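The values are calculated or read from the model by the stated rules, or taken from the named source; none is laboratory data. Please read all numbers here as calculations on a predicted model, not as lab measurements. Virtual Cβ from ideal backbone geometry, glycine too; neighbours counted across all protein chains shown. All accessible areas refer to the heavy atoms of the entire protein, side chains included, with ligands and DNA or RNA removed. Shrake-Rupley method; radii C 1.70, N 1.55, O 1.52, S 1.80 Å.
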Amino acid sequence: MENWDAFEKRRGFVIFASPRSGSTTLADIIASQGYSVCYEPFNPVLKSLYYDRLRKEGISGIPSLMENFDCVKHLSGHGGEIVDRKLLSHKSLILKRRNILKSALSYCISSKIGIWKARELVGSEFDNIGVIDVMSVRAAIGRIRHIEKYNADKVVFYEDLYCSSGWEEELKGIFDYFGIAIKDWDSIESWMNKCHVMNSQDTYSKIKNIKEIEKLG
């Protein structure tokens, strides 16, 4: 349990992520500790209020976004480079994966089965993945690598946060960096349960052309 005297709201920090890097789970963890989170405000599929304002007013609406929420979860490329760089001018961390191929495969699998969150799985969705188009994987790799052009004071890797026994220290480092406090470790442990990891090695083995895809490196 953290010292409650140190528990203060800090507005306007950013989780700046590549797709399929665990950014939604991280944002959910932050929200579980009492902080307000805006999820992907410039996502062209979700078309939120801020997406509409971006189209009409440009980036002039970003200051009000940062004032209204403690945390903004943003995917690299949503809204274009000018939006990316404007958000990175705030207190930001970059969240990405070392294994770009697995990240791209995760994106392609979720696109195919229509499920993006592990907690929405019921168990049989992966049974009929079949063939994943190699060109789709290549396109996903290109989109994921888009984040490499940017820098932030703190970079966090999916593998260190979700696939490591040292996740508590990694997560505490994130909270310390943002200047916020962890008040309920029990709720965090439920989020970090392995059921929230979207794709296991067994999932990849169900892709019929996985050997061909693995040649991408």
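Of the helices (runs of 4 or more DSSP H) lying entirely inside region 77-173, those containing at least 2 residues that are within 15 Å of the chain's Cα centre (by Cα) and closer than 24 Å to residue 201 by Cα are 100-113, 134-145, 158-162. Determine if region 143-156 includes at least one residue that is over 27 Å from residue 85 (Cα atoms), of a type outside the set (Gly, Ala, Ser) and surrounded by 12 or more Cβ atoms within 10 Å (Cβ to Cβ). So far as region 143-156 goes, no, none of its residues is over 27 Å from residue 85 (Cα atoms), of a type outside the set (Gly, Ala, Ser) and surrounded by 12 or more Cβ atoms within 10 Å (Cβ to Cβ). Within region 20-30, the set of residues being among the hydroxyl-bearing types (Ser, Thr, Tyr) and assigned to a loop (DSSP other than H, G, I, E, B) comprises 21 only.
Every residue in region 51-91 that is out of contact with any His (no Cβ under 9 Å at 6 or more places or on another chain) and small (Gly, Ala, Ser), please. Once the filter is applied, which keeps residues that are out of contact with any His (no Cβ under 9 Å at 6 or more places or on another chain) and small (Gly, Ala, Ser), region 51-91 yields 58, 60, 61, 64, 79, 80, 89.
Considering region 145-162, the residues that are modelled with pLDDT under 95 and touching a strand residue (DSSP E or B) at 6+ places or on another chain (Cβ under 9 Å) include one that is farthest from residue 211 (Cα to Cα), namely 161.
For region 65-79, a residue qualifies if it is within 18 Å of residue 94 (Cβ to Cβ), open to solvent by less than 30 Å² (accessible area, probe 1.4 Å) and not charged (D, E, K, R), and the qualifying residues are 66, 71, 72, 74, 75, 76, 78. Taking the criterion of being of a type outside the set (D, E, K, R), more than 20 Å from residue 97 (Cβ to Cβ), in contact (Cβ under 8 Å) with a residue 40 or more places away in the chain and open to solvent by less than 40 Å² (accessible area, probe 1.4 Å), would at least one residue in region 188-201 satisfy it? Taking every residue of region 188-201 in turn, at least one turns out to be of a type outside the set (D, E, K, R), more than 20 Å from residue 97 (Cβ to Cβ), in contact (Cβ under 8 Å) with a residue 40 or more places away in the chain and open to solvent by less than 40 Å² (accessible area, probe 1.4 Å). If you go through region 89-104 and keep only what is under 11 Å from residue 19 (Cα atoms) and hydrophobic (A, V, I, L, M, F, W, C), you end up with 95, 100, 104. Would region 175-195 turn up any residue that is in a helix (DSSP H, G or I), closer than 30 Å to residue 82 by Cα and touching a Phe, Trp or Tyr at 6+ places or on another chain (Cβ under 9 Å)? Looking for residues that are in a helix (DSSP H, G or I), closer than 30 Å to residue 82 by Cα and touching a Phe, Trp or Tyr at 6+ places or on another chain (Cβ under 9 Å), one finds at least one in region 175-195, hence yes. Could you please let me know if residue 89 is small (Gly, Ala, Ser) and either touching a Lys or Arg at 6+ places or on another chain (Cβ under 6 Å) or in contact (Cβ under 8 Å) with a residue 60 or more places away in the chain (or both)? Here the answer is no, as residue 89 does not meet what is asked. Does region 31-38 contain at least one residue that is outside any loop (DSSP other than H, G, I, E, B), of a type in the set (S, T, N, Q) and buried (at least 19 other Cβ atoms within 10 Å of the Cβ)? Checked region 31-38: no residue is outside any loop (DSSP other than H, G, I, E, B), of a type in the set (S, T, N, Q) and buried (at least 19 other Cβ atoms within 10 Å of the Cβ). Please work out which residue is modelled with the highest pLDDT, limiting yourself to region 92-138 and to residues that are within 24 Å of residue 171 (Cβ to Cβ), open to solvent by 60 Å² or more (accessible area, probe 1.4 Å) and of a type in the set (Lys, Arg). Step by step, filter region 92-138, then rank; the result is 98.
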